[in-house]
Amino acid sequence: MKHLIAPSLLSADFANLQNDIEMVNNSRADWFHVDIMDGVFVPNISIGFPVVEVIKRHAKKPLDVHLMIVEPEKYVKQFAQAGADILTVHYEASTHLHRTLQQIKDENMKAGVVLNPHSNVMLLENIIESCDLVLLMSVNPGFGGQKFIEETYFKIEKLKSMIEKRKLKTLIEVDGGVGLNNAKKLIDVGADVLVAGNAIFKSENPTKTIEDLKNL
């Protein structure tokens, strides 16, 4: 499978959000990556259901919604109604992870688990069969523009090995500090989906940057 590109709207211009959405629509990007932060699980607050609904109204590609919130299970149905196509929840925030993943699938969304940089991929041994994707954070979640954590390459390799040994189709997504400087190496070690924020939206030509990331 050719790798996927998911521009992170956290880095978009919220004063001109529709313009940035249209840019992604007209680019070779595959998904929209939408970060939801509650100020509790991470030290930042982003957007809620009304903005997700607006994004969905204009987006022509799937919404990949990343919940950086406590008790994500309380909001699964609402995010489905708001327009999420893919919903990922943090291992560190989910007490009953199997149940939450099943909730997500019951709402006809793809279900994923997110691991913070300090969390070992072996924590997923007993849940990987239920995951459509695993999102590995390559920065500490909460803010865009952070420096990529180099240990992520090793985590991708370990996770890829686990997935291949079980003959699963689980995708590996990477988020944080991703750009043209490291994207090729991430793909080479096993990443399937690259989330890029500042690398795309702060570039002089976002459409070309997406094209370049896609062509790696």
Qualifying residue in the range 109-117 (condition: touching a residue at least 12 places away in the same chain (Cβ under 8 Å), part of a helix (DSSP H, G or I) and surrounded by 15 or more Cβ atoms within 10 Å (Cβ to Cβ)): no
Where a residue in the range 200-216 is among the polar types (S, T, N, Q) and its partner, wherever it lies, is not in a loop (DSSP other than H, G, I, E, B), with Cβ under 6 Å and at least six apart: 203/209; 209/200
What pairs come out if I take residues in the range 46-70 that are within 17 Å of residue 26 (Cβ to Cβ) and pair them with residues that are surrounded by 19 or more Cβ atoms within 10 Å (Cβ to Cβ) and of a type in the set (S, T, N, Q) whose C-beta lies under 6 Å away, six or more apart or interchain? none
May I ask you to verify whether residue 200 is within 18 Å of residue 12 (Cα to Cα), in contact with a strand residue (DSSP E or B) (Cβ under 7 Å, 6 or more places away or on another chain) and not in a loop (DSSP other than H, G, I, E, B)? yes
Which members of the range 166-186 meet the condition of being assigned to a helix (DSSP H, G or I) and either within 15 Å of the chain's Cα centre (by Cα) or surrounded by 20 or more Cβ atoms within 10 Å (Cβ to Cβ) (or both)? 183, 186
Which one is surrounded by the fewest Cβ atoms within 10 Å (Cβ to Cβ) among residues in the range 14-58 that are in contact with a strand residue (DSSP E or B) (Cβ under 9 Å, 6 or more places away or on another chain), of a type in the set (Val, Ile, Thr) and outside any loop (DSSP other than H, G, I, E, B)? 45
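FYI, it's all coordinate maths here, none of it is from the lab. Predicted model only: the values in this text are computed from it and were never measured. Note that we place each Cβ from the backbone using ideal geometry, even for glycine, and neighbour counts take in every protein chain shown.
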